[in-house]
Amino acid sequence: MPPSAMPAIAAPYDLAVIGAGPAGMAATLSACELGLRVALIDEQHQPGGQIYRAAGASPLADVALLGPDYRRGRELVAALRACGAACDYYASAAVWQVTPSLEIGFSAGGRSRLLRASAIVAATGAMERPMPIPGWTLPGVMTAGAGQIAMKSAGFVPVGPVVLAGSGPLLFLVAWQYLNAGVTSIAVVETTPVGNHARALRHLPRALRAASYLRKGVTLIAALAKAGVPIRRGAQDLRVLPDESGRVGRLQYRIGSRLLTDPCNLLLLHQGVVPNTQLTRSLDCAHAWDEGQRCWRPVTDKWGASSLDGLWVAGDGAGIGGALAAESQGRLAALDAARSLGRLTPDRRDEMASAPRRQLSRNLAIRPFLDALYAPAPDFLAPPDETVVCRCEEVTAGDIRRFVAAGCTGPNQLKIFSRCGMGPCQGRSCGLTAGEIIAAARGVPVPEAGYYRIRAPLKPVTLGQLSDLSMEAD
Amino acid sequence: MTHTPVFRRLPGPDREKVVLTVDGHPIEALKGDSVAAAVLAAGVVSTRTTPVSGSARAPYCLMGVCFECLMDIDGEPNSQACMTLVRDGMVVRSQAGERLPAGQPRGGA
Ligand code: FES
């Protein structure tokens, strides 16, 4: 029958995994090993998530320039392929809804489908923390992650001059990868507050348990310095200035009392990563404010089980832990899901969990150090008045402060005062900033301001696609 | 409007060449590229203008989060160019000031 007349997928799966990054791939592998019937649904065209993007079929002749960690992605993708028929893999599939009864609606290949599962592992990963600075909406300004994705997925590197600005390990990693790829005109403008270093030192003893992370970081930065890449530390008051065509032309910033500018035709911003909570928010799962990482995360138990029965959250989507931690979390979530389905006894689950638990604790040992070192500077949490906060609807920080003065108490009320958070990105780009600005202006902690209420569809879906679906359901 | 390209391609395994048109101008890309990557590499300045001030925007996150890359792709408006792979003969248009309400399905069949 023609594709448009195909029925919605009715056969229920034991487990549906949403997202094929390290957590999703590991959860799928574990579940397949346990004999569960698994569906893996991923928005990308190939498995790997953002960290291992295109790891199975790289457009690069020399994949080694991405660094040794990328290899792990190739191993996971290969293992996933070996699952064969044990797992139905839906690629290029945008999930636009999950219902509390564990029905998943997604679009793939121009049509919508429904899928049912007895358990779901959400492995929807991280997104970059917004870094609102004046001029960040100009064409030619992108995230550091975007720069890396262009390289991993299409083999594109900047012609230069490129400036990487902000804070966090990814900033240096991307600069180092560009250096390996032969990019010559790179500058790093670091915004990490000077006081962070002393605070991070307190966590050094524990971080030494994960010494390989520290070694890697030190090696990267030393390689950049050796190659003569300028690293300007302690930058504040960042501002993007356009060229005559209206694209990015220069980054202006202040170090101490000196005002500096770096010319660039590509500016990559980075301020760490935060869990992407759109899916768990849309399900009204309980979320908690993480004061250390200054972000929201879904409340989960030690297996990743969320407040919604049948839904586990694994990987960075449950709180930032990095790719290796995500793998362990994916395995733990799959084990507990199998237990809940009666496919593993609690004892057997616990036994099988001991290795991933050990790995998880080792890989998380570095986090308190990194969290303290790269805690975002206040400038970027609550930017100056003129800064656009909501990129979709062009609401500025000053607008939000005026609304607070007029009685706005949180992001949801903000939607009554303006269209902030109501554009196509559904608050992904402004939600954290709006919460921080409102909380600071009211003089209350962020949890008291709250977060946007998120509703499906999470991704664009056409009325045509939806009507196909209702006909199929008849 | 285009500018001098700010990306160059590193050597890689052979991939099929495809040609798509962006606002009527043909651009070349390789199979496996996203529309957003192809458009950026071709030096297209902006992929849409905003509904509020009409300011120019271009792909920002390349991972489906920011929705700055919304374009009309093969007659389907508000498509995320960073999540769509290029295809030979694809017809892509930038979007001017269109408003897509969140939390509501968009029209069209
Ligand atoms: S560039 Fe951000 S969604 Fe496409």
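Structure values in brief
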quantity: Whole-angstrom gap from the range A:275-350 to the range B:4-31, using each part's C-alpha centre; calculated: 40
quantity: Projected label distance in nm at A:LEU241 and A:ALA223, using a 7 Å step from Cα toward the beta-carbon; calculated: 3.3
quantity: Karplus (6.51, -1.76, 1.60) ³J(HN,Hα), θ = phi - 60°, over the range B:66-76, in Hz, Gly and Pro reported as x; calculated: 8, 6, 6, 9, 4, 9, 8, 10, 6, x, 9
quantity: Shape call, the range A:131-185: gyration tensor on alpha carbons, a/c limit 1.5; calculated: prolate
quantity: At R0 = 22 Å, FRET efficiency that the Cβ-Cβ distance of A:ARG254 and A:SER185 yields, to 0.05; calculated: 0.45
quantity: Karplus 3J(HN,Hα) series, Hz, for the range A:362-379 with 6.51 cos²θ - 1.76 cosθ + 1.60 (x for Gly, Pro); calculated: 5, 6, 7, 4, 7, 4, x, 5, 5, 4, 6, 5, 9, 4, x, 6, x, 3
quantity: Amide H contacts of A:VAL273 (H built 1.01 Å from N, under 5 Å, at least 5 apart or other chain); calculated: A:ARG129
quantity: Fraction of beta bridges assigned by DSSP in the protein assembly as shown that are antiparallel (%, nearest 5); calculated: 55
quantity: Calculated [θ] (222 nm, deg cm²/dmol) that DSSP helices of n ≥ 4 give over chain A, each run adding -39,500 (n - 2.57); calculated: -10500 deg cm²/dmol
quantity: J(HN,Hα) series, the range A:217-224, from Karplus relation 6.51 cos²θ - 1.76 cosθ + 1.60, nearest Hz, glycine and proline x; calculated: x, 5, 5, 4, 5, 5, 5, 5
quantity: Between helix A:22-33 and chain A: long-axis angle, C-alpha atoms, 0 to 90°, nearest 10; calculated: 20
quantity: Cα gyration tensor shape for the range A:130-271, rounded if a/c is under 1.5, else prolate or oblate; calculated: oblate
quantity: Residue mean of other protein chain beta carbons inside 10 Å, A:142-150; calculated: 6
quantity: Förster-model FRET efficiency, 60 Å R0, A:ALA78 and B:ALA96, C-beta, rounded to 0.05; calculated: 0.85
quantity: Rounded, prolate or oblate (a/c below 1.5 giving rounded, otherwise prolate when a/b exceeds b/c) for the protein assembly as shown by Cα gyration tensor; calculated: rounded
quantity: Cut-off under 5 Å, modelled amide H: who pairs with A:VAL389 long-range; calculated: A:VAL395, A:THR396, A:ALA397
quantity: Full-stretch length increase - A:GLN359, A:ILE231 - with 0.36 nm per residue and alpha-carbon distance subtracted; calculated: 42.7 nm
quantity: Packing-based ranking, highest mean first, of A:187-195, A:81-89, A:391-399, A:67-75 given that Cβ atoms within 10 Å are counted; calculated: A:391-399, A:187-195, A:67-75, A:81-89
quantity: Spin-label pair A:THR261/A:ARG199, simplified geometry with 7 Å Cα→Cβ offset, distance in nm; calculated: 3.3
quantity: Peptide B:83-90 - average C-beta neighbours from other chains (10 Å radius); calculated: 2
quantity: Neighbouring partner chain Cβ atoms per residue of A:151-164, average, 10 Å criterion; calculated: 5
quantity: Charge dipole (chain A, unit charges on Cβ, about Cα centre) - positive-most of A:GLY195, A:LEU267, A:LEU60; calculated: A:GLY195
quantity: Sites A:ARG209 and B:HIS3, calculated FRET efficiency, Cβ-Cβ separation with R0 51 Å, nearest 0.05; calculated: 0.60
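Values quoted throughout were computed directly from the atomic coordinates according to the rules given, and no laboratory measurement underlies them. In this text, all values refer to a predicted model and were calculated from it rather than measured experimentally. Ideal geometry is used to build each Cβ from the backbone, glycine not excepted, and the neighbour counts take in all protein chains shown.
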